[in-house]
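**Student:** I have a structure here, written as structure tokens, and I will follow up with some questions on it.
The values are calculated or read from the model by the stated rules, or taken from the named source; none is laboratory data. Quick caveat, the model's predicted, so the values are computed rather than measured. Quick reminder, even Gly has a Cβ in these numbers, built from the backbone with ideal geometry, and neighbours come from all protein chains shown.
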């Protein structure tokens with residue numbers, strides 16, 4: 001009797017306790033449902049899901065060359081998904097996907113009994129694709145207590161609502177567009193482009209299984225970092241597909257026998273193809289969108305709005321240009337360092353190092369903090385692990401900021417731009433040797449002395465002002481008494497006071513003494529006016545040395561000016577973007593070439609100068625294009641070398657492409673010898689190697705096999721004179737001996 005009463009009391013208590021727990025659970029459940037732990041997205045919000053999308057940068061043929069993003073996400077449609085990719089996802093992540101309504105109760109029971117009660121961690125999880133989608137879309141928030149439970153219940157509510165709004169195919173599409181893959185990549189299209197350099201629709205079974213396998217643990221199964229581990233995980237995905245009858249065992253075995261072959265693409269800011277170009281495009285894009293608004297009146301966000309930027313770049317040409325540059329600069333750097341040996345300025349010039357230190361951001365910061373020079377030196381001398389650039393492979397070593405500075409002082413750098421001469425469309429762009437370590441852009445930012453690449457502008461002015469192409473000028477050195485006894489000297493020919501060259505011979509052999517004499521005859525004001533007509537905005541020095549290229553001009557301006565020799569006398573402005581679209585493909589802005597309204601000089605002058613610069617390649621300072629690099633293409637051009645061999649230049653003119661290349665040291669440490677430092681040896685080889693590579697690819701035939709227009713007979717007649725002549729016997733004996741004059 002007593003026992004029965006006790007049993008009834010305990011039974012009542014248990015019932016009350018159970019009801020209380022159930023009531024609290026219901027209240028807890030309701031508190032989540034009604035948003036006390038954070039508002040749940042409603043039907044309207046779920047119906048208009050908006051995710052941050054990466055802005056895509058496409059080349060002229062719509063090849064992806066880069067992105068601007070916070071989260072690397074690039075959406076696609078359901079029709080772009082291969083069936084084997086969908087099957088791999090379902091077989092691995094949610095085999096009952098088509099049978100549940102967001103939450104898989106069968107899986108939850110398995111998790112409860114096998115995983116929680118029996119401790120079998122290999123039994124799998126209970127998360128469905130829709131639950132994962134809810135997490136991908138809205139993330140998880142931290143709460144003071146019960147964070148995991150609260151988040152999972154919220155995801156279950158969201159998953160149910162998603163299933164009520166979207167079809168299964170739409171859920172699959174949303175999932176693939178939002179799920180995170182390795183290397184900070186969001187969405188299957190971004191992952192496909194990054195790891196295999198192809199669109200999702202082109203993924204093979206093995207590649208699809210590799211990417212699906214990485215979803216279990218983005219880092220651990222990253223195929224770039226852990227190829228063997230990734231391959232094992234891929235094989236598990238393939239076995240799951242066999243288990244659930246998505247593929248046959250034979251097909252699975254064939255895929256498992258294939259190694260994972262990545263074609264990894266770096267789309268982050270510092271790596272990948274054309275990083276300097278992408279940075280310049282970003283500047284242009286920001287300007288273009290500054291006064292353009294979205295339909296709702298808000299500003300465009302290049303990191304989140306999924307814009308599509310159509311650029312002028314040629315992916316293939318850029319790839320070859322970067323390879324050509326690396327091949328040449330690696331060898332040139334070795335020769336440069338070897339020539340100096342133990343006398344290297346970056347090691348033995350205290351003033352050079354001291355001035356470089358003062359340009360460091362850290363130095364300025366310490367100075368503003370009031371530190372003394374000795375304190376600053378001590379701070380900059382602290383050693384730590386630093387990765388340092390080397391052509392043979394980067395090295396990591398214990399080094400201080402001063403060590404790092406001294407290391408980078410020695411490096412040669414480069415700039416190169418290739419433009420379509422009739423439009424100014426930029427086809428290739430090298431701002432430097434490696435954007436990670438050398439952020440300074442030598443195409444758009446740097447201003448360097450242009451050397452003899454300025455001489456064609458002097459000769460253009462001369463022809464335009466009536467000086468005949470067959471006019472002879474003496475190569476004799478002259479001292480200009482009113483210019484502090486300045487004596488221009490020739491580097492390419494021996495000093496012979498009785499030798500005379502035509503304009504063509506003088507230009508093709510880059511004779512300094514004649515360039516100055518031509519400038520003197522035609523007049524500095526006329527040359528400056530001519531240069532302005534060519535679109536060069538740099539203020540020139542207005543002294544005789546300008547004939548030798550002592551003025552500084554941006555590389556891209558030089559390219560635009562030289563385009564006039566192909567573009568009927570009209571210069572162009574290099575441009576980067578052809579069209580900007582929103583994520584739905586609607587045009588936001590389009591851009592047309594900037595071509596000069598009027599010609600800078602006559603057609604006669606243009607054809608004469610073009611013929612003269614052809615001679616530079618045939619028998620002048622650029623003959624190694626023919627003799628050493630075996631280029632039989634139609635090419636005209638001009639080399640350039642500045643004082644103390646600090647800058648080397650080459651401008652290549654072809655019927656459908658203008659390429660300007662510069663090589664030098666950012667700290668103005670010139671080459672030790674002219675033989676090594678002349679533009680024909682430093683800058684020309686980058687163009688030559690690029691053109692060699694282009695000659696091997698039929699894709700470039702419209703450029704490499706193009707021919708210059710036929711030079712009219714009357715112009716050939718005006719140029720058909722002996723390129724040089726010596727003074728007569730009597731003139732050599734009785735001629736004026738004066739070697740000094742006023743300019």
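**Student:** In a loop (DSSP other than H, G, I, E, B) and at pLDDT below 95: does that describe residue 736? Show your work before the answer.
**Tutor:** Numbers: in a loop (DSSP other than H, G, I, E, B): yes; at pLDDT below 95: yes.
Answer is yes for this residue.
**Student:** How many of the residues in the stretch 153-198 are touching a residue at least 40 places away in the same chain (Cβ under 8 Å), closer than 22 Å to residue 225 by Cα and in contact with a helix residue (DSSP H, G or I) (Cβ under 8 Å, 6 or more places away or on another chain)?
**Tutor:** Of the residues in the stretch 153-198, 12 are touching a residue at least 40 places away in the same chain (Cβ under 8 Å), closer than 22 Å to residue 225 by Cα and in contact with a helix residue (DSSP H, G or I) (Cβ under 8 Å, 6 or more places away or on another chain).
**Student:** Report those strands (runs of 3 or more DSSP E) wholly inside the stretch 488-581 carrying at least 3 residues which are over 28 Å from residue 725 (Cβ atoms). Before you say what the answer is, go through the steps one by one.
**Tutor:** Values: elements: 499-502, 552-554, 577-581.
In the stretch 488-581, the matching strands (runs of 3 or more DSSP E) lie at 552-554, 577-581.
**Student:** Give the residue that is modelled with the lowest pLDDT, with candidates limited to residues of the stretch 39-90 that are farther than 22 Å from residue 211 by Cα and in a strand (DSSP E or B).
**Tutor:** 68
**Student:** Evaluate the following for residue 239: is it modelled with pLDDT under 95 and assigned to a helix (DSSP H, G or I)?
**Tutor:** So residue 239 does not fit the description; no.
**Student:** State yes or no: is residue 303 under 29 Å from residue 207 (Cα atoms), more than 13 Å from the chain's Cα centre (by Cα) and assigned to a loop (DSSP other than H, G, I, E, B)?
**Tutor:** On the way: under 29 Å from residue 207 (Cα atoms): yes; more than 13 Å from the chain's Cα centre (by Cα): yes; assigned to a loop (DSSP other than H, G, I, E, B): yes.
Yes; evaluated as a whole, the condition is true for this residue.
**Student:** Where residues in the stretch 313-351 are under 27 Å from the mean Cα position of the chain (by Cα) and not in a helix (DSSP H, G or I), which of them is surrounded by the fewest Cβ atoms within 10 Å (Cβ to Cβ)?
**Tutor:** So the residue we want is 314.
**Student:** Looking at this structure, is residue 431 assigned by TED's automatic domain parsing to the domain that holds residue 685, over 17 Å from residue 276 (Cα atoms) and touching a residue at least 24 places away in the same chain (Cβ under 8 Å)?
**Tutor:** Taking the combined requirement at face value, the residue does not satisfy it.
**Student:** Also: Tell me the residue from 165, 188 that is out of contact with any strand residue (DSSP E or B) (no Cβ under 7 Å at 6 or more places or on another chain) and surrounded by 21 or more Cβ atoms within 10 Å (Cβ to Cβ), please.
**Tutor:** 188
**Student:** Let me ask something additional. Please work out if residue 666 is surrounded by 24 or more Cβ atoms within 10 Å (Cβ to Cβ), in contact (Cβ under 8 Å) with a residue 60 or more places away in the chain, under 28 Å from residue 355 (Cα atoms) and in the same structural domain as residue 507 (by TED's automatic domain parsing).
**Tutor:** Numbers: surrounded by 24 or more Cβ atoms within 10 Å (Cβ to Cβ): no; in contact (Cβ under 8 Å) with a residue 60 or more places away in the chain: yes; under 28 Å from residue 355 (Cα atoms): yes; in the same structural domain as residue 507 (by TED's automatic domain parsing): yes.
Considered against the rule, which asks whether it is surrounded by 24 or more Cβ atoms within 10 Å (Cβ to Cβ), in contact (Cβ under 8 Å) with a residue 60 or more places away in the chain, under 28 Å from residue 355 (Cα atoms) and in the same structural domain as residue 507 (by TED's automatic domain parsing), residue 666 comes out as no.
**Student:** Here is a further query. Kindly indicate whether residue 206 is without any contact (Cβ under 8 Å) to a residue 12 or more places away in the chain and in contact with a helix residue (DSSP H, G or I) (Cβ under 7 Å, 6 or more places away or on another chain).
**Tutor:** no
**Student:** Being out of contact with any strand residue (DSSP E or B) (no Cβ under 7 Å at 6 or more places or on another chain) and on the phi > 0 side of the Ramachandran plot is the filter here; which residues of the stretch 542-563 pass it?
**Tutor:** 542
**Student:** Now for a different question. Could you identify the single residue in 653, 659 that is in contact with a helix residue (DSSP H, G or I) (Cβ under 7 Å, 6 or more places away or on another chain) and either under 30 Å from residue 409 (Cβ atoms) or in a loop (DSSP other than H, G, I, E, B) (or both)? Before the answer, list the steps.
**Tutor:** Numbers: 653 fails: either under 30 Å from residue 409 (Cβ atoms) or in a loop (DSSP other than H, G, I, E, B) (or both).
Going through 653, 659 in turn, just one is in contact with a helix residue (DSSP H, G or I) (Cβ under 7 Å, 6 or more places away or on another chain) and either under 30 Å from residue 409 (Cβ atoms) or in a loop (DSSP other than H, G, I, E, B) (or both): 659.
**Student:** Of these, 577, 536, 514, which one is in contact (Cβ under 8 Å) with a residue 24 or more places away in the chain, farther than 29 Å from residue 422 by Cα and assigned by TED's automatic domain parsing to the domain that holds residue 681?
**Tutor:** Working: 577 fails: farther than 29 Å from residue 422 by Cα; 536 fails: farther than 29 Å from residue 422 by Cα.
From the options 577, 536, 514, the qualifying one is 514.
**Student:** Tell me yes or no: at least one residue of the stretch 602-617 is assigned to a loop (DSSP other than H, G, I, E, B) and modelled with pLDDT of 95 or more. Step through it out loud before you land on a result.
**Tutor:** Within the stretch 602-617, the subset assigned to a loop (DSSP other than H, G, I, E, B) is 602.
Next, from what is left, pick out any that are modelled with pLDDT of 95 or more: 602.
Looking through the stretch 602-617, at least one residue is assigned to a loop (DSSP other than H, G, I, E, B) and modelled with pLDDT of 95 or more.
**Student:** Touching a helix residue (DSSP H, G or I) at 6+ places or on another chain (Cβ under 6 Å) and loosely packed, with under 13 Cβ neighbours inside 10 Å, is that true of residue 381?
**Tutor:** Yes.
**Student:** Here are some residues: 101, 106. Which one is surrounded by fewer than 15 Cβ atoms within 10 Å (Cβ to Cβ), in a loop (DSSP other than H, G, I, E, B) and at pLDDT below 95? Quick ask: steps written out before the conclusion?
**Tutor:** Values: 106 fails: in a loop (DSSP other than H, G, I, E, B).
Being surrounded by fewer than 15 Cβ atoms within 10 Å (Cβ to Cβ), in a loop (DSSP other than H, G, I, E, B) and at pLDDT below 95 holds for just one of 101, 106, which is 101.
**Student:** Could you tell me whether the stretch 261-275 includes any residue that is part of a helix (DSSP H, G or I), touching a residue at least 12 places away in the same chain (Cβ under 8 Å) and within 19 Å of the chain's Cα centre (by Cα)?
**Tutor:** yes
**Student:** Give the stretch 670-684 a look and list any residue that's in a loop (DSSP other than H, G, I, E, B) and over 27 Å from the mean Cα position of the chain (by Cα), or say none.
**Tutor:** Selection gives 670, 671, 672, 673, 678.
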